[in-house]
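Notes follow once the structure below has been shown.
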Amino acid sequence: MDRMEELGFRSETDRQIFREAAAPVELSPFGLHSGMFVPTLERQGTPEQSRKWVPLGKSFKMIGTYAQTELGHGTFIRGLETTATFDPETQEFILDSPTLSSIKYWPGNVAKTVNHCLVMAQLYTQGKCHGTHLFLVQVRNMEDHTIMPGLEIGDIGPKLGFDGVDNGFMRFNKYRIPRMNMLMRYAKVLENGDYIKPKNAKLTYGAMVMIRVFIVMDAFKTLSRAAVIAVRYSAVRRQSELRPGGEEAQVMDYQTQQYKLFPLLATSYAFLLAAEGMSQIYAKISSDIERGNLEDMPQLHALACGLKAFCTWVACEGIEVCRMSCGGHGYSHASGIPKIYANIVGACTYEGENTVMMLQTARYLSKCYIRGQRGESLPELIQYLTTDLNVKSTLGEDCSFESLVAAYSHRAARMVAVACKLQQTNKKKGMAGHDAWNKSTVPFIAATKAHCHLFIVRNFVTILSQKKIDPATHNVLSQLCTLYAVYGIVENMGEFMQDGYFNQDQVSILNRKVLALLEDIRPNAVALVDAFDYPDHLLQSCLGRYDGQVYEALYEYSKSSPLNNTDIHSSYYNYIRPMMQKRSESKNISAKL
């Protein structure tokens, strides 16, 4: 931390890159503190609260995390059971875990690292529940780090990944905190116990929206690192003869390998630009919210939920493809890929389980569809819902950006319409509203994926058309953008052809275009992964080394195995030799008989 101050890092992006370089692959135990705890104090606390607490957080005198998930509830925030009951006589909130399932479970770094925690709890005052709110809770003594009386805290044990993060559990037993420890920027509890509600209940969800923006960037970083490893290794690895009698070919020269990896390379670039685009939207809408303009808040929430789910799903699937593209060596930790996978796969369930996230976006799309049918104006990102579905594709041999964006807009508009019409049909059959919704959620998930896919394609195209980029770089990025869009159509062709949007000739054009783009990208593939500028120290991969010395690195890695510290392992003396001797003795006895 001191070193970052010495270097003058002020941008959170720069600070995050530096932290990753200090602890490659492993997540920092202070990641949630810097990325969620302090920003939430800044955005959710009153000016007085921020002035008091934020300097303590930034100086690491106060180290904190965020506690929402419980044993029995996670994504369903309204179902949380931890209570915070206001006591007007003492001007305190009493935090309690009334049931076993109400124990806070999974908060990162709560087990051993932090001394404070932002706790999401059901607010009770004057005998009435006002829903979930955030409370700043001291969990350990600031002098000797002992657990505060009235709390039970511990670690939850080994996990699939995140070995550097002490995820824990926390149980409250009538634990008291001052009234002013409730974050009161939007909602308030007065000294007499009166509750002042916020202008919009979703204002208190700002911290979760922010972290979902970060997760989209994490999806880019993890997928791109796996792509770097797989592409570099494919350039080094030689296997079989591509031409009879010729030398063994680079694996990357096989079209099947290119079809596996180059679309993921394109996806990495698409996700990077999508994450940056989403960050800009978040900054703009957050600024509007600060000025009291809440009009675009539902759009921001829907976009954050949808992209968080879409990008983490795609990243996990893509990383697994990268691992298998490395052959048997990809299964070894020496490849670096297993750690990358383990560290992103959790994002499919933390900070909102992906299916639930998709359905939250779907509800927003459903409302927008109804508004569009009424002729009402729609937000810019959703205006595609008014697309004329009778119009067919004009795609030609060039697969222009305009025709590709039109195709994705048509697909998303059609699929949203199909899901909404099914929901409406269910209602007409006499189903209750909630049952009609539940019976249409599968097509709504598919429609939401199409919506997110459209955003990423359109964002990529928009950046290429608006940014000043030198011609050579623009040409290569255009190839990647086209590959991302065309490959997405080919792999989901049924959704684009269901209403005859493409004709057979256009389908043939798209299939040819994918294969042609593989050839176009091949000469620049290694340069394109090098452009991510991940140092070997960060990748922690024998296969993805910048210098290509893969086999030397694998040999040295294998020699470093702890099992090689002795010639004969203790298991030989304890188990193998006794077993062999016993078998030998049995044979001797049989021979005598």
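Summing Cβ point charges (Lys, Arg +1; Asp, Glu -1) relative to the Cα centre of the chain gives a dipole of roughly 1460 debye.
When DSSP beta bridges are restricted to pairs lying wholly in region 76-124, around 60% turn out antiparallel.
Basic side chains Lys and Arg get +1 at the Cβ, acidic Asp and Glu get -1 at the Cβ, and with that the dipole of region 24-115 about its Cα centre reaches some 440 debye. Here the spin labels are modelled as points 7 Å beyond Cα on the Cα-Cβ line, and at E295 and K199 they lie 1.3 nm apart. Taking 0.36 nm per residue of separation and subtracting the current Cα-Cα distance, fully stretching the chain between Y546 and Q255 would add 102.4 nm. Summing charges over neighbours of M252, with a neighbour being any other residue whose Cβ is under 11 Å away from its Cβ, gives +4 when K and R count +1 and D and E count -1. The Cβ shell under 12 Å around E495 holds other residues with a net charge of +1, Lys and Arg each +1, Asp and Glu each -1.
Three principal axis extents describe the C-alpha atoms of the chain; from largest down they are 89, 84, 64 Å.
Positive end of the dipole of the chain (Cβ unit charges, origin at the Cα centre): among Y254, L118, S240, the Cα lying farthest that way belongs to L118. Ranking T90, H410, P107 by Cα position along the charge dipole of the chain, where only Lys, Arg, Asp and Glu carry charges on their C-beta atoms, puts T90 farthest toward the positive end. About the centre of its Cα atoms, region 2-198 shows a dipole size close to 460 debye [charges on the beta carbon of Lys, Arg (+1) and Asp, Glu (-1) only; nearest 20 debye]. Label separation (Q424 vs L56): 5.5 nm, computed from points 7 Å beyond Cα along the C-beta direction. The calculated FRET efficiency for the pair I469 and N390, based on their C-beta separation and a Förster distance of 45 Å, comes to about 0.75.
Listed cross-link partners K61/K188; K221/K339; K260/K467; K128/K197 are compared with a 18 Å cut-off, the Cα-Cα value being larger for K61/K188; K260/K467.
Here region 457-591 is treated as a Stokes sphere of Kirkwood radius computed over C-alpha pairs; at 4 °C and 1.567 mPa s its diffusion coefficient rounds to 62 µm²/s.
The mean accessible area for residues of region 2-198, using a 1.4 Å probe and ignoring ligands and nucleic acids, is 46 Å² per residue. The calculated FRET efficiency for H537 paired with A432, based on their beta-carbon distance and R0 = 56 Å, is about 0.45. Each 10 Å bin from zero up to the one holding the largest Cα-Cα distance in region 244-375 carries the following percent of pairs: 11, 28, 30, 17, 10, 4, 1, 0. Rounded to the nearest 500, what is the chain's calculated 222 nm mean residue ellipticity when only DSSP H runs of at least 4 contribute -39500 (n - 2.57) each, over all residues? The per-residue figure over the chain is -17000 deg cm²/dmol. Stretching the chain fully between E397 and L515 yields a gain of 41.2 nm (0.36 nm per residue, less the alpha carbon separation). Ranking H451, S440, G57 by Cα position along the charge dipole of the chain, where only Lys, Arg, Asp and Glu carry charges on their C-beta atoms, puts S440 farthest toward the positive end. Region 224-255 and region 395-430 have Cα centres lying 39 Å from one another. Neighbours of M170, meaning other residues whose beta-carbon lies under 9 angstrom from its beta-carbon, give a summed charge of +1 when Lys and Arg score +1 and Asp and Glu score -1. Computed over protein heavy atoms with a 1.4 Å probe, the accessible surface of region 427-567 works out to 53 Å² per residue. Computed in the context of the full set of protein chains, the accessible area of region 2-198 at 1.4 Å probe radius has 54% of its extent on carbon or sulfur. Between the C-alpha center of region 525-553 and that of region 83-134 there is a gap of 46 Å. Normalised by 2.2 N^0.38 Å, with N the number of residues, the alpha-carbon radius of gyration of region 2-198 equals 1.04. Along the chain, the longest continuous region that contains none of the GluC sites (Glu not before Pro) in a DSSP loop with at most 13 other C-beta atoms within 10 Å is 398-593. Here L160 and Q280 are evaluated by their C-beta separation; at R0 = 30 Å the FRET efficiency comes out at 0.35. Scanning the chain for DSSP H helices at least 30 Å long along the axis (C-alpha atoms) with a Kyte-Doolittle mean no lower than -1.0 picks out 206-236, 255-290, 297-325, 401-428, 441-466.
The packing ranking, built from the mean of other Cβ atoms within 10 Å per residue, places the peptides 153-162, 299-308 in the order 299-308, 153-162, highest first.
The values are calculated or read from the model by the stated rules, or taken from the named source; none is laboratory data. Owing to the predicted nature of the structure, the values given are computational and were not obtained by experimental measurement. Positions of Cβ are generated from backbone atoms using ideal geometry, with glycine treated the same way; all protein chains shown enter the neighbour counts. Remember, those area values only see protein heavy atoms, side chains included, never the ligands or the DNA or RNA. Shrake-Rupley method; radii C 1.70, N 1.55, O 1.52, S 1.80 Å.
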